[in-house]
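Working notes, structure below.
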Amino acid sequence: MDWQNVVVTGASRGVGEVLVRRLAAQGKKVFAFARSEDKLRALEKQSGGAIVALPLDVRSPSQIAAAYERIEREFGPIDVLVNNAGVFQTHDFWTQDLEVIDRIIDINLKGAL
Ligand SMILES: NC(=O)c1ccc[n+]([C@@H]2O[C@H](COP(=O)([O-])OP(=O)(O)OC[C@H]3O[C@@H](n4cnc5c(N)ncnc54)[C@H](OP(=O)(O)O)[C@@H]3O)[C@@H](O)[C@H]2O)c1
């Protein structure tokens, strides 16, 4: 498969950060989504243009729509989406309150959809 433009959500650290670095090193154009703008900007700077920082919250449909619109306008269609952004709690589930459960569903489920 011939693919070039890759979106990686949750790109500011952990698995997502490693993935964007590796994809950029392989010559892909990588669009890095996360809330931590400073970390994304540092990745963008280090990559020499292979990584494009797009700070956003995956819970915001308008921010996601604006990012996709910019990517398609400036770089063309997206070939691959890696829905990596997510949070998890280490508490026992019976100690979690509804606010925490809502946050997990908003980010991990609705954010991916
Ligand atoms: N590591 C594990 O053992 C493990 C096990 C099972 C599943 N997972 C899942 O695998 C994925 C990667 O794991 P990881 O260990 O690399 O996680 P991590 O280090 O906690 O990184 C999570 C990433 O998601 C981003 N993120 C969180 N909430 C966001 C939001 N509302 N909008 C945009 N970005 C958001 C964070 O960036 P910002 O904070 O900058 O927004 C960060 O870049 C996660 O979905 C995690 O739940 C991990």
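The numbers here are math on the coordinates, done by the rules we state, and not lab data. Fair warning: this is a prediction, and the values are worked out from it, not measured in the lab. Note that each Cβ is placed from the backbone with ideal geometry, even for glycine, and that neighbours are counted across all protein chains shown.
A few points about this structure:
- Candidate set: region 1-26, residues that are polar (S, T, N, Q) and farther than 15 Å from residue 55 by Cα; chosen: the one surrounded by the most Cβ atoms within 10 Å (Cβ to Cβ): 5
- Residue ranges of helices (runs of 4 or more DSSP H) in region 1-101 with at least 2 members under 15 Å from residue 111 (Cα atoms): 61-75
- Residue 44 vs. criteria more than 17 Å from residue 81 (Cβ to Cβ), within 14 Å of the chain's Cα centre (by Cα), more than 12 Å from the ligand (Cβ to nearest atom) and in contact (Cβ under 8 Å) with a residue 12 or more places away in the chain: yes
- Unmet requirement for residue 104, which otherwise passes all of (1) under 18 Å from residue 5 (Cα atoms); (2) part of a helix (DSSP H, G or I): (1)
- Set 23, 19: member being in contact (Cβ under 8 Å) with a residue 40 or more places away in the chain and under 22 Å from residue 2 (Cα atoms): 19
- Within region 61-113, tally of residues that are acidic (Asp, Glu), surrounded by fewer than 13 Cβ atoms within 10 Å (Cβ to Cβ) and touching a residue at least 24 places away in the same chain (Cβ under 8 Å): 0
- Pairs where the first residue, in region 47-60, is small (Gly, Ala, Ser) and the second is in a strand (DSSP E or B), C-beta under 6 Å, 6+ apart: 53/32
- Hits in region 83-105 (condition: under 20 Å from residue 13 (Cα atoms) and more than 13 Å from the chain's Cα centre (by Cα)): 88, 89, 90, 103, 104
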